[in-house]
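Structure record follows, encoded as structure tokens.
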Amino acid sequence: MLLREKTRVVKVGNRLLGGSNPILIQSMCNTKTKDVEATVKQINELEALGCDIIRVAVLDKEDAYSISKIKEKINIPLVADIHFDPELALIAIKEGVDKIRLNPGNISDKEKIKEIVMECKKRQIPIRIGVNSGSLPKDLALKPESFIEAAKRHVEILEELDFHDIVISLKASNVDLCYEVYKLAAKTFPYPLHVGVTEAGTVFKGLIASSIGLSKILEDGIGNTIRVSLTDDPKYEIWAAKEILNECHLKDNVPTLTSCPTCGRTQVDLIPIAKAVEEYLQTVHKKIHVAVMGCIVNGPGEAKEADIGIAGGKGKAVIFKKGVPFKTVDEKDVIAELKKEIDLF
Ligand code: SF4
């Protein structure tokens, strides 16, 4: 049994997290939570791309009281990210939030923690404890054991109150450290783990760091939910998370795109075609292999492996289905034709 399968199962709104349930993809809105319209729009766009759970920052009462209004217009579970202020947590819970990201050890009022835990228990709302390399307690050195110790300090408060619907994240921005931390965490805690490399960077650097870190963690059988943290539009976090899970053979309904790098032989403007197909495939949730190849030298061979493919010619492209030429179309019609064939597949 994989380590991720040994964890407790918690309910997050209409999804199950942990155990042998599918690994869920998460992201966080970068809108102001009190701007309900913008937040709802972003959440629904992310859901269409494949986001399973979404988190919003709750900084004040106006944010907290926006939760029910947001929830009315979205389908995926909503997580409130709260630091230090127990009142905001209590409002978020009463507003119908599906999960809370809160570190109880940062709240000094023990009675308030009890109240939060009681309310969460009543409504079956899990609490995610999050330890980041940037916020390790000052008495702990930057090493794997310290992340575990820091998480334990929060977990024990909840366990003493007989609360076990816990999810834990322990994110480091250093890839090697992050991997070591999660290996240790998976052996230590019986709770589902939210995995990711924190503050990974902008798209270019962040994707590389997250791909290396997450593939090692996931392939060790660790992680029940993932976030690819990127300094960009959160839609790229979902693109990347799906791609990583697909490459690790951990998600079934993700398309695969093969495209050639282009060279002196290319006689169609292939890069915009490949980018348009890539963007379109983000909204497609089925297993399909699409190949976008620049010429007939390698094109047909690669396209043969694909369910649908193109091999460019001079201002034209041949469309292949399972390696068999299907029809020839003008360069200007390639994207529309490919989209049509993807839909029909
Ligand atoms: S498939 Fe053709 S166009 Fe694309 S890189 Fe290879 S040789 Fe060049």
>> Return the residues of the range 41-82 that are part of a helix (DSSP H, G or I) and touching a residue at least 40 places away in the same chain (Cβ under 8 Å); say none if nothing qualifies.
In response: Q42, E45, L46, A48, L49
>> Being among the small types (G, A, S) and buried (at least 16 other Cβ atoms within 10 Å of the Cβ) is true for just one of A57, A38, A48. Which residue is that?
In response: A57
>> Among the numbered criteria (1) crowded, with 16+ Cβ neighbours inside 10 Å; (2) free of Cβ contacts under 8 Å to residues at least 12 places away in the same chain, which one does E159 miss?
In response: (1)
> Just for the range 205-232: of the residues that are in contact (Cβ under 8 Å) with a residue 12 or more places away in the chain and charged (D, E, K, R), which one is nearest to L49 (Cα to Cα)?
Replying inline: R227
> So L184 clears everything in (1) modelled with pLDDT under 95; (2) surrounded by fewer than 19 Cβ atoms within 10 Å (Cβ to Cβ) except one condition, right? Which one?
Replying inline: (1)
> For the range 2-44, which residues satisfy the criterion of being of a type in the set (A, V, I, L, M) and in contact with a Gly (Cβ under 9 Å, 6 or more places away or on another chain)?
Replying inline: L2, L3, V9, V10, I23, I25
>> For the range 78-91, give me each residue that is out of contact with any Phe, Trp or Tyr (no Cβ under 9 Å at 6 or more places or on another chain) and at negative phi.
In response: L78, V79, A80, D81, I82, H83, D85, P86, E87, L88, A89, L90
> Which of the residues that make up the range 1-40 are closer than 18 Å to Y236 by Cβ, assigned to a loop (DSSP other than H, G, I, E, B), of a type in the set (S, T, Y) and touching a residue at least 60 places away in the same chain (Cβ under 8 Å)?
Replying inline: none
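The rows are residues; the columns are (1) near the ligand (Cβ under 9 Å from one of its atoms); (2) part of a helix (DSSP H, G or I); (3) touching a strand residue (DSSP E or B) at 6+ places or on another chain (Cβ under 8 Å); (4) not aromatic (F, W, Y).
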residue	(1), (2), (3), (4)
P261	yes, no, no, yes
T266	yes, no, yes, yes
I273	no, yes, yes, yes
A276	no, yes, no, yes
E279	no, yes, no, yes
V284	no, no, no, yes
V292	no, no, yes, yes
I296	yes, no, yes, yes
K304	no, yes, yes, yes
>> Here is a list: G105, G134, G96. Which entry is surrounded by fewer than 21 Cβ atoms within 10 Å (Cβ to Cβ) and not in a helix (DSSP H, G or I)?
In response: G96
>> Checking D220 against (1) under 18 Å from R4 (Cα atoms); (2) within 17 Å of the chain's Cα centre (by Cα); (3) modelled with pLDDT of 95 or more, only one condition comes out false. Which one?
In response: (2)
>> Which condition from (1) of a type outside the set (F, W, Y); (2) crowded, with 19+ Cβ neighbours inside 10 Å; (3) at pLDDT 90 or above is the one that K321 breaks?
In response: (2)
> Can you find a residue in the range 314-336 that is in contact with a Ser or Thr (Cβ under 6 Å, 6 or more places away or on another chain) and touching a residue at least 40 places away in the same chain (Cβ under 8 Å)?
Replying inline: yes
> touching a residue at least 12 places away in the same chain (Cβ under 8 Å) and within 16 Å of the ligand (Cβ to nearest atom) - does that describe any residue in the range 233-253?
Replying inline: no
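The values are calculated or read from the model by the stated rules, or taken from the named source; none is laboratory data. None of the values given here were measured: they were computed from a predicted structure. Note that we place each Cβ from the backbone using ideal geometry, even for glycine, and neighbour counts take in every protein chain shown.
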